[in-house]
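Trainee: I have a structure here, written as structure tokens, and I will follow up with some questions on it.
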Amino acid sequence: MKYNVCCLLGDETDEEQLKHWKIDAEAGDQDAQLLLGQHYLKLAEVDEDLHGNAKLAVSLLIKSSKQGSEDATKLLMDCLDKELGQYIYTALHFINSLTDFA
């Protein structure tokens, strides 16, 4: 992983790092998608725009998971356990599609 994840450990994500994650995630970078998904998930968990951030988190985590990120897949399963709004169905549908091929 080429990113400095220290900003995930604090209360705030460095705005410059966030900008880079967004650019790289849009370009399809699996690690950036995972880290940005984690960032939005953290915001959703503290009820900061719960539905908007949960939607972004699940979308990014699905993209990262599709590229083989086991961490993203685990986080998607955590989303199901935490019942994050209306986006549970999206995560559940994706997880089920993975197990259909196992």
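Trainee: Computed FRET efficiency, Cβ-Cβ of ASP81 and GLU15, R0 30 Å: what is it to the nearest 0.05? All intermediate terms of the calculation are to be shown ahead of the outcome.
Mentor: On the way: r = 30 Å, r/R0 = 1.01.
About 0.50, to the nearest 0.05.
Trainee: Also: Under a point spin-label approximation (7 Å from Cα along Cα-to-Cβ), what is the ALA27-VAL46 distance to one decimal in nm?
Mentor: Distance between label points: 2.9 nm.
Here, each number is a calculation from the coordinates, and none is a lab measurement. As the structure is a computational prediction, the values presented were derived from the model and not from experiment. Glycine also receives a Cβ, built like all others from the backbone with ideal geometry; neighbour counts cover every protein chain displayed.
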